[in-house]
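Okay, structure first, notes after.
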Amino acid sequence: MTARERLYSAPLWIAAVVVPLAMALAFAQWSWRQVEREAIGLATHTADLLYEHLARSLEVHDTALEAVQVRIEGMSWPEIAADPTIPTLLKRLQQAAPHTNRLGIVDPSGLLLHISGVPFPGPRTAHAHRDFVVALRSAGPNTVAMGEPMAGRLTGDVVIPYGRPHLGPDGQPDGGVLWATFAQATLVAMFRAVRAEADDAIILFRDDGTILARYPPLPAAAAPRLPPTAPARAALTAIGAGAPSAIGRGLSPVDGIDRIFAVRRLDRVGISISYARATTSIRAAWFQRSLPMLMLTALAMALLLALTWRHRLSAQRTLAAERRIRAEAEHAAAAERARANAEAMLRHLQRVDTLGHVAAGLVHDFRNTIQAVQGGVAMIDRAIAQGNAARAHDLITQVKEASDRGVQLTQRLLAFTANRAELASTCALAPAIAATCRLLRTSLGPGYRLEENCAPNLPAAVRADPAELESALINLVINARDAMPDGGTITVVARPAATPPGAQSGAQSGAYVEISVTDTGIGMDAATLARATDAFFTTKKDTGTGIGLTSIAAFLDGIGGTMRLASTPGHGTTVTLTLPAAPDPPPLPHEAAMQGA
C-alpha cells in the first residue's frame with residue numbers, strides 16, 4: 001500500500017471524527033470543573049472580603065466603645081447619668097466612626113442613660129429586655145455581643161446593635177452595657193454592590209440562626225431565623241473543627257434555590273457571613289464557555305483531512321527551512337561572541353584609562369601633601385632658629401592639617417582599591433530602646449506592664465538602621481502582648497556579648513549586643529516554635545500576617561546579626577536579637593602620637 005493510499009485509509013477517517021469529539025468531551029468535563037471551581041473561588045473570595053469588611057467595622061465599633069469606657073472610667077453610675085458632656089462625646093465618636101449609627105450607655109438596671117444625637121438629658125428608656133443587654137450583663141470582661149435587628153426609636157430605621165460590658169473600678173463587668181448600632185440598610189447596600197449575579201444571595205446571621213441582614217431581602221412570609229438544618233448553619237461544623245471557612249451546596253430554606261456557598265465565621269462575635277452562587281448561573285456560564293469548543297470541533301472535523309494531506313508537502317519545506325535557520329543562528333551566535341569579546345576589551349581599556357587618571361590624581365595629591373609637609377618643616381626650622389615660638393607653633397598646626405589630609409587621602413585610596421561600601425548606618429542603642437518603650441507603654445492597654453533594663457557597660461551604638469531596629473522591637477512587644485490575653489509583664493533587656501551565640505566555628509568575633517524581649521504569656525509548643533520564623537505562618541487567625549519574625553530575621557541577616565527563640569507552653573517566650581556593635585572611629589595619626597607621648 002502506497003503512502004497516498006494509506007492517507008485515505010479508514011483509520012484516518014475514523015480519527016478525523018473520533019479525535020475532535022474526544023477532545024470536545026474532555027474539554028466539556030474540564031470546563032465544568034473549572035467553572036465550578038471559579039464559582040467556589042468567587043464565593044470564597046467574596047465571603048472573605050465581606051468578612052474583612054465586617055471585622056474592620058467591628059474594630060471601629062470596639063475603638064469607639066473603648067473610648068467611652070476610658071472617658072467614664074472611675075465614675076459612679078449617678079455621676080455618669082448626671083454628666084452633660086457625655087452625649088456630646090458620644091456624638092463626636094459617632095461622627096468619627098464610619099458606619100456607626102448610634103452610641104449609647106445602659107446602666108446595671110437596664111435604663112438607657114445617654115445616646116448620641118440626643119441632647120442632655122435624653123429619654124431614660126428601658127433596655128433591660130434587649131437580648132444583647134441580657135447576654136452582656138452576666139458576661140466576662142472581653143465579651144462582645146450582636147443583638148437582633150430592631151427599629152430605631154429616633155428614626156425608625158432598622159439597626160443592628162453591638163455591645164460590650166461596662167467595666168467597673170476592679171476591671172470586671174458591673175452590669176452596665178456600652179453599645180453601638182449600624183444601619184441594616186448600609187449592610188444591604190454593600191451586599192447589593194458585591195453581588196455578581198441576580199440569583200446570588202448574601203446573608204449575615206448569628207450562631208442561633210437569627211438573620212441580621214440578607215440580600216435579596218427576606219420575603220414577607222420568610223422566618224427571621226435559619227433552621228439548624230440550613231446548609232449554611234450546618235457548614236459551621238467545619239469551622240468549629242478549626243477550618244477558616246466552609247464550602248457547601250444545598251437548597252436555600254428562604255427561597256428554595258439550589259446554590260453553592262462559602263461561609264466565614266467571626267468567632268469572637270458569634271456571627272457568620274455567607275455568599276451563595278446559584279447553580280443555574282454556573283450551568284449558564286459552563287454552556288457559554290463550551291459553545292465555542294463545540295463549534296471548533298465541527299470545524300476541526302472538516303479541516304483534519306486537508307491538514308493531513310498538506311502535511312507531507314509542508315514537511316520537506318519545513319526541514320529545509322529549519323536547516324537554513326540553524327545555519328543563520330550559528331552565524332549570528334558567532335557574530336554575537338565576537339561583539340561580546342570586543343565589548344569586554346573596550347571595558348578593560350576603559351578601566352585601565354580610569355585607573356590611570358585616578359593614579360595621576362593621587363600622585364598629584366600626594367606630591368602637594370609632601371611638599372606642604374616638607375615646606376612646613378623647613379619653615380619650622382627657620383622659626384626655631386629665629387627664636388619665634390609662636391610662628392613655629394602655627395607652622396606645626398599647618399603641618400598637622402597637611403598630614404591629616406594625607407591620612408584622609410590614604411583612607412579613600414584603600415576604600416577605592418578594596419571596593420568597600422560606606423559604613424552601614426548606626427543607631428544609638430539605649431536612647432532608641434527607651435524611646436520605643438515609652439511609645440509602647442501608651443498603647444499596650446490596661447493589664448500590661450513594660451519594663452526595660454539596659455546594662456551599664458552597654459556599647460553606645462549598634463550597626464543597624466534606627467527605624468529597622470525600632471520596628472523590630474515594636475513587632476516583638478506587640479507579639480508578646482498578643483501572647484498574654486489576660487495581661488502580664490513584658491521585659492526588654494539589653495546587654496553586651498562577645499560573639500553571636502550559636503555562631504558556627506570560625507565566625508568573626510567582636511563586640512555585639514543582645515536585646516531580649518520576654519513575656520509571661522501562653523508560650524509555644526515545639527511544633528509551633530519550629531515554624532515561628534516561617535514566612536506567612538501565624539497563630540493569630542484573624543489579625544496575623546505571618547511576616548513579622550521573618551522580616552526581623554531578614555533585617556538581622558543583612559547586618560550580620562542573629563535571632564534566637566526560646567519558649568515553654570504556659571511559661572512565656574523569650575526572643576533574643578544579637579546585633580554587631582558600632583566600633584569607635586580610629587584616632588588620626590597625630591592624635592595617636594600625642595596619646596603615646
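The values are calculated or read from the model by the stated rules, or taken from the named source; none is laboratory data. In this text the structure is predicted, and so the values were computed from the model without any measurement. FYI the Cβ positions are ideal-geometry reconstructions off the backbone, even for glycines, and counts take in every protein chain you see. With ligands, DNA and RNA removed, areas are computed over all heavy atoms of the protein, side chains included. Shrake-Rupley method; radii C 1.70, N 1.55, O 1.52, S 1.80 Å.
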(request) For the stretch 138-179, just the Cα set please: Rg and Dmax, both in angstrom. (result) 12.6, 38
(request) Take peptides 193-206, 521-534, 273-286 and line them up by average Cβ neighbours within 10 Å, highest first, as a rough protection proxy. (result) 273-286, 193-206, 521-534
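Tell me, rounded to the nearest percent, the portion of alpha carbon pairs in the stretch 61-102 spaced more than 18 Å apart.
So the portion of pairs separated by more than 18 Å is 25 percent.
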(request) Using only Cα atoms, locate the centre of the stretch 167-209 and the centre of the stretch 45-103, then give the distance between them in Å, rounded to an integer. (result) 14 Å
(request) Mind giving me the FRET efficiency for Glu451 and Ala566? R0 is 22 Å, r the Cβ-Cβ distance, nearest 0.05 is fine. (result) 0.75
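Indicate the gyration tensor shape class of the stretch 187-306 (rounded, prolate or oblate), computed on the Cα atoms with a ≥ b ≥ c the square roots of the eigenvalues: a/c under 1.5 is rounded; otherwise a/b larger than b/c is prolate and the rest oblate.
prolate
When a/c reaches 1.5 or more, the comparison of a/b and b/c decides; with that in mind, is the stretch 41-199 rounded, prolate or oblate per its Cα gyration tensor?
prolate
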(message) What FRET efficiency comes out for Ala467 versus Arg317 if R0 is 51 angstrom and r is the Cβ-Cβ distance? Round to the nearest 0.05.
(response) 0.20
(message) Using the Cα atoms of the stretch 159-242, I'd like the radius of gyration and the largest Cα-Cα distance, Dmax, both in angstrom.
(response) 16.7, 53
(request) Please get the size of the charge dipole for the stretch 98-253, origin at its Cα centre, with Cβ charges of +1 on Lys and Arg and -1 on Asp and Glu, quoted in debye to the nearest 20. (result) 160 debye
(message) If I take R0 = 35 Å and measure r between the Cβ atoms of Ser76 and Asp534 in this structure, what FRET efficiency does the formula 1/(1 + (r/R0)^6) give, to the nearest 0.05?
(response) 0.10
(message) Tell me the per residue accessible area of the stretch 44-151 using a 1.4 Å probe; a whole number in Å² is fine.
(response) 45 Å²
(request) For the stretch 71-142, state which trypsin sites (Lys or Arg not before Pro) are in a DSSP loop and have at most 14 other beta carbons lying within 10 Å of their beta carbon. (result) Arg124
